[in-house]
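K.L.:
Quick one: structure below, then a few questions.
The values are calculated or read from the model by the stated rules, or taken from the named source; none is laboratory data. Here the structure is a predicted model, which means the values were calculated and not measured. Here the Cβ positions follow ideal geometry from the backbone for every residue, glycine too, while neighbour counts run over all protein chains shown.
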Amino acid sequence: MSNIVAIVGRPNVGKSTLFNRLIEARKAIVDDFSGVTRDRHYGVSEWTGHDFTVIDTGGYVANSDDVFEAAIREQVLIAIEEASVILFMVDVTTGITDLDDEIATFLRKSKKPVFVVSNKVDNNSQQVESATFYGFGLGEIYNISAMTGSGTGELLDEVVKTF
Ligand code: GDP
Ligand code: MG
């Protein structure tokens with residue numbers, strides 16, 4: 001399958017929550033390689049007739065800060081190479097962190113389409129705060145709540161257009 005959507009971002013922004021939501025309908029985790037394949041989970045999903053593979057990155061990174069950043073950096077680089085589309089997930093409740101900025105720097109160099117996904121927008125008033133993420137210089141911001149599913153349809157409508 002050639003449509004590959006990678007979810008990247010620092011820990012705790014909600015990547016796995018979105019991954020689980022996207023593969024929910026099929027309950028189809030292609031492989032669970034925990035620890036073996038550098039920490040990536042693959043699942044299959046479908047939206048409006050488009051099939052795609054989803055990659056959840058960075059699930060079990062080691063604790064030390066250095067290893068941590070190096071591992072995340074590696075995941076982002078692999079994702080850029082492997083994916084056809086990248087979802088760069090950030091957290092509206094924390095705003096931009098140094099690690100977010102570091103990931104954004106890699107993504108700006110990528111030739112692949114990048115969607116900036118502002119997660120944890122659980123209510124409309126938080127949408128205003130997402131505007132800070134325009135600072136990445138990566139284009140449009142997609143507000144979602146991975147927890148409730150709000151906004152994910154609008155995001156996927158745009159993602160499948162890149163296939
Ligand atoms: P990951 O480390 O990026 O994979 O993040 P997780 O998916 O494990 O989520 C980290 C934490 O954020 C968990 O406690 C989730 O329940 C919470 N979370 C994820 N999505 C949302 C959301 O849309 N809204 C809120 N309020 N919490 C969320
Ligand atoms: Mg995770």
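K.L.:
Could you please find all residues in the range 85-121 being more than 22 Å from Ile55 (Cβ to Cβ) and modelled with pLDDT of 95 or more?
P.N.:
The answer is Val92, Thr93, Thr94, Gly95, Ile96, Val121.
K.L.:
So Phe115 passes all but one of these: (1) out of contact with any strand residue (DSSP E or B) (no Cβ under 9 Å at 6 or more places or on another chain); (2) touching a residue at least 12 places away in the same chain (Cβ under 8 Å). Which condition number does it fail?
P.N.:
For Phe115, the failing item is (1).
K.L.:
Okay, moving on. Out of Val61, Val13, which single residue is within 16 Å of ligand 1 (Cβ to nearest atom), modelled with pLDDT of 90 or more and within 26 Å of Arg108 (Cβ to Cβ)?
P.N.:
Selected residue: Val13, the only one of Val61, Val13 that is within 16 Å of ligand 1 (Cβ to nearest atom), modelled with pLDDT of 90 or more and within 26 Å of Arg108 (Cβ to Cβ).
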